[in-house]
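Okay, structure first, notes after.
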Amino acid sequence: MISPSPSLWPVSLSLCFFLAQALIMAIDEFVCHHKRGLGRWESWGHPLDTLFFALCFAELCVRLKAPEWALPEGGYLVLAVLSSVLITKDEWVHSTEAGGFEHWLHSLLFVLHPLVLISAFQLSQDPDRPLILSIGVMTSHENFLFVSFFMILGFMFYQLIYWVMLKQGRQRLSLAKPQKIE
């Protein structure tokens with residue numbers, strides 16, 4: 001039996017956290033949120049969550065490319081804790097708007113969120129190390145973090161455009177109550 005070398009396991013585990021969070025987030029967004037709709041609080045709150053998550057990755061990218069502009073020691077930890085706490089702010093809304101399946105997805109995301117941030121920090125500590133994404137696809141930890149940062153920003157802009165700019169205008173014209181997903 002071939003087992004992964006101990007030095008590769010944390011990176012493999014990190015990638016599992018990233019992929020699991022992305023998959024669960026996609027189900028939450030494109031199944032749950034699109035079916036029930038989002039109220040004004042969530043429409044603005046979710047991009048705010050994503051912004052703080054992106055700020056964590058931005059800090060790691062700054063540390064890698066322009067360390068003189070990075071936050072003081074411990075700055076990433078403060079951002080990571082703020083981001084991990086901020087994502088819980090909508091739960092009082094979800095208690096009345098969301099069903100059991102969506103609550104379960106959120107609980108998984110609450111567990112994965114800090115694990116992804118810890119993993120991102122770990123990857124930033126060895127930025128030039130090769131990262132094998134699939135057969136024949138290889139990049140560095142640094143490139144992976146930069147791509148992740150820009151994907152997070154892209155998701156935030158999608159949230160702002162779709163939920164704030166497009167949907168909020170339509171919701172003002174409609175008196176329909178959002179649907180709960182069981």
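The values are calculated or read from the model by the stated rules, or taken from the named source; none is laboratory data. Values in this document were obtained by computation on a predicted structure and should not be read as measured data. For neighbour counting, all protein chains shown are included, and Cβ atoms are generated from backbone atoms with ideal geometry for every residue, glycine included.
Key figures
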read-out	value
LEU48 vs. criteria within 15 Å of GLY154 (Cα to Cα) and either modelled with pLDDT of 95 or more or crowded, with 17+ Cβ neighbours inside 10 Å (or both)	yes
Qualifying residue in the stretch 94-101 (condition: in a helix (DSSP H, G or I), β-branched (Val, Ile, Thr) and free of Cβ contacts under 8 Å to residues at least 60 places away in the same chain)	yes
Extreme residue, farthest from the chain's Cα centre (by Cα), among residues of the stretch 119-151 that are surrounded by fewer than 19 Cβ atoms within 10 Å (Cβ to Cβ) and modelled with pLDDT of 95 or more	PHE150
Positions within the stretch 59-81 being of a type in the set (A, V, I, L, M), out of contact with any helix residue (DSSP H, G or I) (no Cβ under 6 Å at 6 or more places or on another chain) and assigned to a helix (DSSP H, G or I), in sequence order	LEU77, VAL78, VAL81
Options LEU105, LEU60, LEU19, LEU86; residue that is more than 18 Å from SER124 (Cβ to Cβ), at pLDDT 90 or above and buried (at least 19 other Cβ atoms within 10 Å of the Cβ)	LEU105
Only listed residue being of a type in the set (A, V, I, L, M), part of a helix (DSSP H, G or I), touching an Asp or Glu at 6+ places or on another chain (Cβ under 9 Å) and closer than 27 Å to PHE30 by Cβ, chosen from LEU105, LEU145, LEU115, LEU160	LEU105
